[in-house]
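Each remark here refers to the structure printed beneath this line.
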Amino acid sequence: MDAEHLVDVIRGANVESEHWGHIAVVNSEGKLLYSKGNPYRVTFARSSMKPLQAVPIVETGAADFYQFNQADLSLTCASHNGENQHTDRVKTILSRLGLGTDNLKCGTHPPRWQEAYEGLIKAGKEITSEYNNCSGKHSGMLTTAKHMGESLEDYYKTDHPVQQRIMEVISDISETPLDEIEIGIDGCGVPVHGIPLRNLALSFAKMENRHLFLKKEKMQLSK
């Protein structure tokens, strides 16, 4: 099924650009509620996968062992702008592991936050790997590898136990068989996972349903 016309961007009286794509809206039971285009199109979700890629940090016990708080977990689940609040937290996580930024295999790029970039230039500081917008995710991967006693220098490779655990999480929560998950390489060097758009939507619906359940349970316990 071809992509469908979704949005027009209008400037003045003219349509400046047209945007086509695919949409899948799914509930936590897997029912497809709404769709546009092909809701089963295999899609590399890239950074949208970060919350799923962070699940093993909790499931292995690494988050508890290294005393992760909500802000630490949030950083592992998201891209960041390279502001001090982000890079300082990356370095703090690595320090708990007895590691440094040299252990990060995400590569480098300038901070996405312009003020942070300008500050580095004015201070004559080097742009190092903690400024990569994926350094939080990579710090989380290193955390599980260190906690499980696994090799650190190749944690980013597809056959490493860190990446295999992530594959199993994605397969489980998205209800996609392991052998049907397509693998590519993301911009930061780790595997990126291609699954049907409907299954990707299901993953987030299930996570949100679990979040609401836990929130309701917490409210009941506090009464």
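We did not get these values from a lab; they are worked out from the coordinates using the rules stated. Remember, predicted model here, so these are calculated numbers, not experimental data. As a convention, Cβ positions derive from the backbone with ideal geometry for all residues, glycine included, and neighbour counts pool all protein chains shown.
Structure notes:
- Checking K125 against (1) outside any loop (DSSP other than H, G, I, E, B); (2) more than 20 Å from I166 (Cα to Cα), the condition it does not meet: (1)
- Whichever residue in the range 130-188 is assigned to a helix (DSSP H, G or I) and acidic (D, E) and, among such residues, is surrounded by the fewest Cβ atoms within 10 Å (Cβ to Cβ): D179
- Residue in the range 34-52 that is free of Cβ contacts under 8 Å to residues at least 12 places away in the same chain and over 16 Å from S139 (Cβ atoms) present: yes
- Scanning the range 42-70 for residues that are out of contact with any helix residue (DSSP H, G or I) (no Cβ under 6 Å at 6 or more places or on another chain), crowded, with 20+ Cβ neighbours inside 10 Å and within 24 Å of D186 (Cα to Cα) gives a single hit, M49.
- Check on E29, closer than 17 Å to L197 by Cα and of a type in the set (D, E): yes
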